[in-house]
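Here's the structure we're looking at; comments come further down.
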Amino acid sequence: MTTTNSSQGIESSPFTQKHSGLIRIWHWVTFLVLSASMITVLINSTMLNPGDNIGLVQNQLKEKGVTVSEEQAFAVSHEYEDKMWDVHKWLGFGLAFLLVARVLIEIALPGNEKIRSRIKSATGLYKLSNGNEAEYRHYLNVKKVYTLFYLILLLMALTGLGLAFGRELGFTRPIHNAVKTFHSILQYCMYAFVLIHLIGVVIAENTKDKGIVSGMIHGNKALE
């Protein structure tokens, strides 16, 4: 589907919208921080997994003439995992800050660029009866998915902060474990969103919604 700008005689997709400089900066910084956070989880789940490195630690020390038990080797390998989790924690603080920044940006944005306004516009397009209902529905669903992303990000930030300050908050072991489990579930939901988002952008860029990536880099002219 394309919508026509009668004043300039050009066609634009509803997916190609104006993005303020602050939104574009926020988008790419969030992408980098979120990607780095996901990488720390991947590294700790593979290369720095303490259980998988016990034999490595024992063999390396044995070559130096030192013999250690599995428990001692686990303590050494676990220390490296903890250091990576510290990096993950600080990245989590960064995401929490970015979430607060997004709220402030939303407040400062012009009315037509606010999330609520764009969802309302998408709903209005969906109600049109001009043969493009399927694409309007897709456009509306995309906006709903972005809203879900912000909700997941909020819950991830809250549960992450809960894990970071659980002792200060008086979390018992069962509460800590429950929060950790929920945080992990949200983490996989975020992985799914990122994957779906990237696939969707690639498909859009190679079909009829070209300009989404460049729009998030340079900004696009708002549709009339």
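Between beta-carbons, use under 12 Å as the cut-off and find the net charge around Trp26, counting Lys and Arg +1, Asp and Glu -1.
+1
If each residue of separation counts as 0.36 nm, what is the full-extension length gain between Leu154 and Arg173 once their alpha-carbon separation is subtracted?
Net length gain for the segment: 4.5 nm.
What distance in nm separates the two pseudo spin-label positions at Trp28 and Lys64, each 7 Å out from Cα along the beta-carbon direction?
In this crude label model, Trp28 to Lys64 measures out at 4.3 nm.
Find out how many positive minus negative residues lie around His176, taking Lys and Arg as positive, Asp and Glu as negative, among other residues whose Cβ is under 13 Å from that of His176.
Once positives and negatives cancel, what remains is +2.
Using 7 Å Cα-to-Cβ label points, what is the Ala75/Tyr191 separation (nm, one decimal)?
For Ala75 paired with Tyr191, the spin-label model returns 3.2 nm.
What number comes out for the charge environment of Asp52, summing +1 per Lys or Arg and -1 per Asp or Glu over other residues with Cβ under 13 Å away?
-2
What translational D, rounded to a whole number of µm²/s, comes out for segment 134-216 from Stokes-Einstein when the hydrodynamic radius is the Kirkwood one over Cα pairs, at 10 °C and 1.306 mPa s?
Rounded, D is 106 µm²/s.
Here, each number is a calculation from the coordinates, and none is a lab measurement. Everything numeric here is computed off the predicted structure, so don't read it as measured data. So basically every Cβ, Gly included, is an ideal-geometry build from the backbone, and we count neighbours across all protein chains shown.
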